[in-house]
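The values are calculated or read from the model by the stated rules, or taken from the named source; none is laboratory data. Since the model is a prediction, treat every value here as computed from it, not as a measurement. SASA here: full protein model, heavy atoms, side chains in, ligands and nucleic acids out. Shrake-Rupley method; radii C 1.70, N 1.55, O 1.52, S 1.80 Å.
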Amino acid sequence: MTPRTLRAGGAALALTALTALAGCSSDTEPSASTDHKPTTTSSGPDTAQLVAENARGYMLAWQATNPSDAKTMCDLSTKAHRPNFDEDGGTMAGCLNLYWKDIGAEDDDSTRAPLTIKISHVQDVAASPTHPAGKGALATGHRAGENQWRNVLRLIEEDGKWRVEQVEDVDDYFAHTADPVATILAGKS
């Protein structure tokens, strides 16, 4: 074989290989002949759902019974939100100890109507002068025969979990405002 025949044969072989590769499609670029769309897989609940679940859990632990569920409140609070943050950095043991001293075994809720808590208006909230940016939510609570009340909560991600960083009452000024979350959390320290 002459060198020219070898080069022509090599070129033909390379052209055949390239033609075969051109017929294949990659996962990142759909081919023109198919309607390939990337599939999305759900890796679990979305952030808004997790924030709502933890906000509701915190509010139920705090408001649903007397005495409040101190363990759940401590677990769902950031270290900075725990009442013992200035004393021991917000440890779980210190939080439980302080809540149990403060909460005690007050009046019995067994004769009151069950509490319903609805979480709504989950949204991004900017940092305030004393709290980091995170997610805000509106908690609306009600017992039959009693007036409805509302709180706004700021949650931030700490140790891989959305935890309560701030809780504020919705005062009368915002009584006719459906979504006071961002406004209240921006102005409160």
Contour minus Cα-Cα distance for residue 142 and residue 176 (0.36 nm per residue): 10.5 nm
Note down the accessible area of residue 130, probe 1.4 Å, to the nearest 10 Å². 80 Å²
Over segment 58-189, average the accessible area per residue using a 1.4 Å probe and give it in Å², no decimals. 54 Å²
